[in-house]
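The block underneath contains the structure these notes are about, expressed in structure tokens.
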Amino acid sequence: MDIKGERYRKLSRRAVILGGAQALGLLTLVGRMVHLQIINADQYKLLAEENRVDLRLISPLRGRILDRHGREIANNQLNYRVSVIPEQAGDFKATLAQLSGIIPLPPQKLEAVLRQAARSRRFLPVTVSDNLTWEEFARVNSIAPELPGVQSDAGRSRFYPYPAEFAHLAGYVGQITDKDLEELPDDPLYMLPEFRIGKRGLEHYHDKALRGVPGLRRVEVNALGREVRELTRDDGTPGQDLVTSIDADLQRFTMQRLADQSAAVVVMNVQSGEVVTLASAPGFDPNDFNFGIKTDAWKALLKDERKPLMNKTVQGQYPPGSTFKPIVAMAALEAGLISPQDTVFCPGSMRFGSRTFHCWKRGGHGTVNMVSAQEQSCDVYFYELARRMDVDTIADMANRFGLGHRHGIEIDQERDGLVPTRAWKKTRKRDRKWHDGETLSVSIGQGYMLATPLQLAVMASRIANGGYAVTPTLVKSKAKPGRAADNFPPVGVAPEVLKVAQDGMIAVMEGGHGTAGRARIRDWPRGLAGKTGTSQVRAITAAMRAGGVPKNESRPWQERDNALFIAWGPIDNPAYAIAIIVEHGGGGSAVAAPIARDIMREAFIRDPCGLTGGRPMLAEAALQELHLDGHDHHDHDHDEDGHG
Amino acid sequence: MADARAARNRYRLLISKVMDLHGSMMIVLLCIAGIGFAMLYSVSSGDFGKLAGRQMIVFAIGFTCMVTIALVHVRWWWKLSYAIYGVGLVMLMAVEIIGDIGGGAQRWLDLGFVRLQPSEIMKIGLVMALARYYHGLTLDEVKNLKTLIKPALLIGLPSVLVLRQPDLGTMLLIAAGGATLLFVAGVPRKVFLVGAVVGVLGAVAGFYQLHDYQRDRVFTFLDPDSDPLGTGYHIQQSKIALGSGGVSGKGFMQGTQSHLDFLPEKQTDFIFTALAEEFGFVGGVTLVTLYAVLIGYGFLIALSARNHFARLMAVGVTTTFFLYVFINIAMVMGLIPVVGVPLPLVSFGGSAMMTLLIGMGLLMNVYVHRNVVLSRQGTVPLGRQGTVL
């Protein structure tokens, strides 16, 4: 046979070609290996590491909100949860059905759980129920060993031990929304399902500090994302506790005293500016918001005419009414338009232009001077000052005492209030000219005048502390110890000017004819200096006045007057100031002043800032005597009518 | 007396044949299989019995078959070649029919005691049938295009049947294996040029006949990053595993991509990736070198044989082996689309292991019988037609 024949030679040649081609093929493979494993190795090593390592966040414990003595206003409570791992459960639906026998699982909730389970990986736990009671939790625990895949554990969630009392102050937390994400700088925490963001109040304002820094676990995961082992762990930093200047007991006392009124109370230290009570009533339960408030509960809050969601202390803007009169008096005196001794005769009304401006007292006060006009809250006296004064002169004084602008208090929703000026009126769209009659309205704290309860408390504080521009704070560590004079600039009024405001307010309580004489603290002589205010919500027309102004009580609630009162004390050692408004409560002297008295007495005794000594100054026997004595006083209990 | 002498002669012959078995080739084979066992042990995370142990049993059976096949006289394989091809073809048809009845793609034929993959038999059968066919032709006859009709049918029939299973990878192995055999047999070059053109056109036309998943594979190959979590995911993860292995690898049983399940089919088609991840470039090149040595031996054996049937069969088997190696490794490195071809002697799986060891048996048979002369009619001039040895 042709062993060395044609066929063999052909085959040999072609086998060499084929062998060469195959060698080339194998070399190509080696070349590719060089490319992948040597040239680009670093890049692929990085990718492999990214595959392998998953970063998982550990949510930091949210900082607590504490009162000045360390009592908890907001804390973190154990939240008992039940979850099921579908992979381990086997029949997920059957497991849920068994669970629904021991814990409440409405069909709606059941559906949501099933939907969530369909979306997530089978080896990841699906939360079935949150926020269980201890009994429910215990029941689940007792049955869990028989149900594979059922886990019960305790997470941490926000809790407000005194919900209604601190609702506006603490605010609330809630799940992060798309809108929040748009507005806020990125934080990896947002990815955690249990993360809650501060939505309102201190929770909102101090959110960044309360939040803390998330911990990080580097875990090795497989292709399905299942955790294989933990590589490194950093527990992160818990949020900082916020120590507020609030006295929790005083705040709770205040809220209880306000009962179901629609009202706001601010109590502050006149020397340091520390706000010890910031109460807005009615409250609500901020705990409801943590896991998403139910629609009907939310609607009920929105529909309530007493506006429970509003923090009236900083957000509510009200005509200050007669509480504004000490400012007007100081403005006139400083401008040299009148001396304290100069008298004005009050016949019960004043004619100005074509209009008649009424005093709240129909028969008039007769002859009054600067102090007695404040004592009895005579409107005509202040109309007379206003007639001689420019509105800008009043505004200047008001601004110096903290009205018309924000104070940067460390909480959200703070408003400016409004102190009208000629310049301000020019910025309006219509009716841009200032009418002199409007100055008369401003002089009794009506018209365009608006102030927040916080601003009124600041005003009272600055009068009380000798004219120093104390600013309010809610953070204990921000307040400097010592007198206002040591830490704050003077507002720039002469002592004799300030004195008429102080004397006027003292006379209101102590003068014998004062509008709030009955609201003196009986066991604390010379305890309070104050000023009542009753501001109209609706203008009283001439026609109404002709037909007899209807009594406050006979009007619908929304049309009733706002009752206001500002005070400070003790007179000889000014420590605390208060501002209170009771919306549609009626008269300042009848409604607001007694509440303020009780709160201030409580403040003096509790003495959160250590200024008063904290003990009632009269023994029981002396009190009895004073009590009898009290009947001799001719206390005023009228509705003051402001006039707009 | 005569019987006793004949028996003694047979015994001597057997011993001489056994002594003549290609020792170094067997060592290379054992090395490759050893790498396979180690990798299977690794990817099963140290569970010996799960993959490696089972693979060893299959290898032991296959190795025995290989040696047996090597010792049987080459003339018998010449005789049986068409029959083996025929059996393969019938079984492929059977699979097709059963698949039609059962409603769904099927590659297995369950004979009760063993499950056979007819396409595996066909890989060997086709090489043998073509070798025998061209063994019977002179070079002039080979150059005559009429003689191409039968080989075209021999290649075409099983290709179509396998493609209908559908098993693109095996079909390519069969067709390419057949074509190379035609090439070394001396079929004129222009035929391959025409064939290449027809092949490309056929591929384009065939592309539209492909199943969706096959078509996706082609698209994914063309742009692997387009769909990183879909079909491109596997190739991307495989490249990451390879690349991250670097020069020296992550260490035995330390491959993150394979042990954390990022690697698909890590015990079968993607086992090379697992190797290259754990032993790096060094490990990968070592294995490729071992394959190259084996392939080199294949060509040397082919060229050393004194009969054309044996030469062609040796080239055919060697090329089929090469194609396995090349397609598999090129695929896991993202050089060609994903086709289901295992890595010879390393991937877990009995069928391919048996086929390849049978092929190696035939190659060794050629070596052992390299001096046997076989006429075109299959007669052996020096007698002993009647004995198997």
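The values are calculated or read from the model by the stated rules, or taken from the named source; none is laboratory data. Everything quoted here is computed from the prediction, not taken from an experiment. Glycine also receives a Cβ, built like all others from the backbone with ideal geometry; neighbour counts cover every protein chain displayed. SASA here: full protein model, heavy atoms, side chains in, ligands and nucleic acids out. Shrake-Rupley method; radii C 1.70, N 1.55, O 1.52, S 1.80 Å.
Tally the residues that are part of a helix (DSSP H, G or I), out of contact with any Phe, Trp or Tyr (no Cβ under 6 Å at 6 or more places or on another chain), surrounded by 11 or more Cβ atoms within 10 Å (Cβ to Cβ) and not β-branched (V, I, T), restricting the search to the range B:17-37.
Within the range B:17-37, residues that are part of a helix (DSSP H, G or I), out of contact with any Phe, Trp or Tyr (no Cβ under 6 Å at 6 or more places or on another chain), surrounded by 11 or more Cβ atoms within 10 Å (Cβ to Cβ) and not β-branched (V, I, T) number 9.
Which of the residues that make up the range A:508-550 are part of a helix (DSSP H, G or I) and either surrounded by 24 or more Cβ atoms within 10 Å (Cβ to Cβ) or modelled with pLDDT under 90 (or both)?
Selection gives A:V508, A:M509, A:A519, A:A542, A:A543, A:M544, A:R545, A:A546.
Counting only residues that are touching a Pro at 6+ places or on another chain (Cβ under 9 Å) and part of a helix (DSSP H, G or I), how many does the range A:461-477 have?
First pass over the range A:461-477, keeping only residues touching a Pro at 6+ places or on another chain (Cβ under 9 Å): A:461, A:463-469.
Of the ones still in play, those that are also part of a helix (DSSP H, G or I) are A:461, A:463-464.
Of the residues in the range A:461-477, 3 are touching a Pro at 6+ places or on another chain (Cβ under 9 Å) and part of a helix (DSSP H, G or I).
If you go through the range A:176-198 one residue at a time, do you hit one that is at pLDDT 90 or above and not assigned by TED's automatic domain parsing to the domain that holds A:T452? Steps first, answer last, please.
Of the residues in the range A:176-198, the ones at pLDDT 90 or above are A:197-198.
Cutting the leftovers down to not assigned by TED's automatic domain parsing to the domain that holds A:T452 gives us A:197-198.
Taking every residue of the range A:176-198 in turn, at least one turns out to be at pLDDT 90 or above and not assigned by TED's automatic domain parsing to the domain that holds A:T452.
Going by what's in this entry, would B:T355 be described as within 10 Å of chain A (Cβ to nearest Cβ) and either assigned to a helix (DSSP H, G or I) or within 22 Å of B:L181 (Cβ to Cβ) (or both)?
On the way: within 10 Å of chain A (Cβ to nearest Cβ): no; either assigned to a helix (DSSP H, G or I) or within 22 Å of B:L181 (Cβ to Cβ) (or both): yes.
Criteria not met by B:T355.
Does the range A:483-501 contain any residue that is closer than 20 Å to A:G527 by Cβ and without any contact (Cβ under 8 Å) to a residue 60 or more places away in the chain?
Among the residues of the range A:483-501, at least one is closer than 20 Å to A:G527 by Cβ and without any contact (Cβ under 8 Å) to a residue 60 or more places away in the chain, which makes the answer yes.
Of the residues A:L78, A:L24, A:L96, only one is in contact (Cβ under 8 Å) with a residue 24 or more places away in the chain and open to solvent by 80 Å² or more (accessible area, probe 1.4 Å); which? First the steps, then the outcome.
Numbers: A:L24 fails: in contact (Cβ under 8 Å) with a residue 24 or more places away in the chain; A:L96 fails: open to solvent by 80 Å² or more (accessible area, probe 1.4 Å).
Of the residues listed, the single one that is in contact (Cβ under 8 Å) with a residue 24 or more places away in the chain and open to solvent by 80 Å² or more (accessible area, probe 1.4 Å) is A:L78.
Restricting the search to the range A:57-88, which residues are assigned to a strand (DSSP E or B) and either farther than 22 Å from A:I197 by Cα or modelled with pLDDT under 80 (or both)?
Going residue by residue through the range A:57-88, those that are assigned to a strand (DSSP E or B) are A:57-58, A:65-66, A:72-84.
If the condition is that a residue be assigned to a strand (DSSP E or B) and either farther than 22 Å from A:I197 by Cα or modelled with pLDDT under 80 (or both), then A:V82, A:S83, A:V84 are the ones that fit.
Please name all residue pairs, on different chains or six or more residues apart, with Cβ atoms under 8 Å, provided the first residue is in the range B:282-311 and is within 7 Å of chain A (Cβ to nearest Cβ) and the second residue is of a type in the set (D, E, K, R).
Once the first residue is within 7 Å of chain A (Cβ to nearest Cβ) and sits in the range B:282-311, its partners that are of a type in the set (D, E, K, R) give B:A302/B:R311; B:L303/B:R311; B:R306/B:R370; B:H308/A:R7.
Can you pull out every residue in the range A:169-188 that is open to solvent by 80 Å² or more (accessible area, probe 1.4 Å) and of a type in the set (D, E, K, R)?
A:D178, A:K179, A:E182, A:E183, A:D186
Cβ-Cβ under 6 Å, sequence separation 6+ or interchain: first residue in the range A:205-226 and more than 10 Å from every other protein chain (Cβ to nearest Cβ) and under 17 Å from A:F195 (Cα atoms), partner open to solvent by 40 Å² or more (accessible area, probe 1.4 Å) and acidic (D, E). Which pairs?
Partner pairs satisfying both residue conditions: A:G215/A:D234; A:G215/A:D235; A:L216/A:D234; A:R217/A:E230.
Looking only at the range B:318-344, filter to residues that are open to solvent by less than 10 Å² (accessible area, probe 1.4 Å), closer than 29 Å to B:V74 by Cα and part of a helix (DSSP H, G or I); which one of those is farthest from the other protein chains (Cβ to nearest Cβ)?
B:Y324
Give the range A:485-507 a look and list any residue that's outside any loop (DSSP other than H, G, I, E, B) and open to solvent by less than 50 Å² (accessible area, probe 1.4 Å), or say none.
Step one: of the range A:485-507, the residues outside any loop (DSSP other than H, G, I, E, B) are A:485-487, A:490, A:495-507.
Scanning the range A:485-507 gives A:N487, A:V497, A:L498, A:V500, A:A501, A:Q502, A:D503, A:G504, A:M505, A:I506, A:A507.
Confirm whether B:Q236 is within 14 Å of chain A (Cβ to nearest Cβ), at pLDDT 70 or above and in a helix (DSSP H, G or I).
So B:Q236 fits the description; yes.
Could you tell me whether any residue of the range B:362-371 is within 14 Å of another protein chain (Cβ to nearest Cβ) and open to solvent by 20 Å² or more (accessible area, probe 1.4 Å)?
Yes, the range B:362-371 contains at least one residue that is within 14 Å of another protein chain (Cβ to nearest Cβ) and open to solvent by 20 Å² or more (accessible area, probe 1.4 Å).
Quick test of your reading of the structure: A:L47 fulfils all but one of (1) modelled with pLDDT of 95 or more; (2) open to solvent by 20 Å² or more (accessible area, probe 1.4 Å); (3) not small (G, A, S). Name the failing condition by number.
The number of the failed condition is (1).
Restricting attention to the range A:193-217, and to residues there that are of a type in the set (K, R) and open to solvent by less than 80 Å² (accessible area, probe 1.4 Å), which single residue is nearest to the chain's Cα centre (by Cα)? Write out each step before concluding.
To start, the set of residues in the range A:193-217 that are of a type in the set (K, R) comprises A:196, A:199-200, A:208, A:211, A:217.
Next, only the ones that are open to solvent by less than 80 Å² (accessible area, probe 1.4 Å) stay: A:196, A:199-200, A:211, A:217.
Numbers: A:R196: 17, A:K199: 10, A:R200: 6, A:R211: 17, A:R217: 35 Å.
Checking each candidate, the answer is A:R200.
Surrounded by 12 or more Cβ atoms within 10 Å (Cβ to Cβ), out of contact with any strand residue (DSSP E or B) (no Cβ under 6 Å at 6 or more places or on another chain) and under 22 Å from A:Q22 (Cβ atoms): is that true of B:V162 in this structure?
It is false that B:V162 is surrounded by 12 or more Cβ atoms within 10 Å (Cβ to Cβ), out of contact with any strand residue (DSSP E or B) (no Cβ under 6 Å at 6 or more places or on another chain) and under 22 Å from A:Q22 (Cβ atoms).
Of everything in the range A:227-239, what is more than 14 Å from every other protein chain (Cβ to nearest Cβ) and β-branched (V, I, T)? Give them in sequence order. Please lay out each step first, then the result.
Applying the first criterion (more than 14 Å from every other protein chain (Cβ to nearest Cβ)) to the range A:227-239 yields A:230, A:232-239.
Listed by number, the residues that qualify are A:T232, A:T237.
Tally the residues that are touching a residue at least 12 places away in the same chain (Cβ under 8 Å), open to solvent by 30 Å² or more (accessible area, probe 1.4 Å) and of a type in the set (A, V, I, L, M, F, W, C), restricting the search to the range B:38-54.
1
So which pairs qualify, if the first residue must be in the range A:42-55 and farther than 14 Å from B:D261 by Cα and within 7 Å of another protein chain (Cβ to nearest Cβ), the second must be of a type outside the set (S, T, Y) and outside any helix (DSSP H, G or I), the Cβ gap must be under 7 Å, and the two must be at least 6 apart or on different chains?
A:K45/B:G246
Tell me, which residue of the range A:117-136 that is over 12 Å from A:F92 (Cα atoms) and touching a strand residue (DSSP E or B) at 6+ places or on another chain (Cβ under 6 Å) is most open to solvent (accessible area, probe 1.4 Å)?
Ranking the qualifying residues of the range A:117-136, first place goes to A:N131.
Take A:L18 and tell me if it is within 8 Å of chain B (Cβ to nearest Cβ), over 30 Å from A:E227 (Cα atoms) and either surrounded by fewer than 16 Cβ atoms within 10 Å (Cβ to Cβ) or not small (G, A, S) (or both). Can you show your working first?
On the way: within 8 Å of chain B (Cβ to nearest Cβ): yes; over 30 Å from A:E227 (Cα atoms): yes; either surrounded by fewer than 16 Cβ atoms within 10 Å (Cβ to Cβ) or not small (G, A, S) (or both): yes.
Considered against the rule, which asks whether it is within 8 Å of chain B (Cβ to nearest Cβ), over 30 Å from A:E227 (Cα atoms) and either surrounded by fewer than 16 Cβ atoms within 10 Å (Cβ to Cβ) or not small (G, A, S) (or both), A:L18 comes out as yes.
So if I check each of B:Q254, B:Q267, which one is polar (S, T, N, Q), more than 11 Å from chain A (Cβ to nearest Cβ), part of a loop (DSSP other than H, G, I, E, B) and touching a residue at least 60 places away in the same chain (Cβ under 8 Å)? Before you say what the answer is, go through the steps one by one.
Values: B:Q254 fails: touching a residue at least 60 places away in the same chain (Cβ under 8 Å).
From the options B:Q254, B:Q267, the qualifying one is B:Q267.
When the range B:345-354 is examined, which residues are found to be over 13 Å from B:D269 (Cβ atoms) and either of a type in the set (K, R) or open to solvent by less than 10 Å² (accessible area, probe 1.4 Å) (or both)?
Within the range B:345-354, the subset over 13 Å from B:D269 (Cβ atoms) is B:345, B:350-351, B:353-354.
Of everything in the range B:345-354, those that are over 13 Å from B:D269 (Cβ atoms) and either of a type in the set (K, R) or open to solvent by less than 10 Å² (accessible area, probe 1.4 Å) (or both) turn out to be B:L345, B:M353.
Being closer than 24 Å to B:L356 by Cα and more than 14 Å from chain A (Cβ to nearest Cβ) is true for just one of B:L182, B:L201, B:L116. Which residue is that? I'd like the intermediate steps shown before the answer.
On the way: B:L182 fails: more than 14 Å from chain A (Cβ to nearest Cβ); B:L201 fails: closer than 24 Å to B:L356 by Cα.
Checking each option against the conditions leaves just B:L116.
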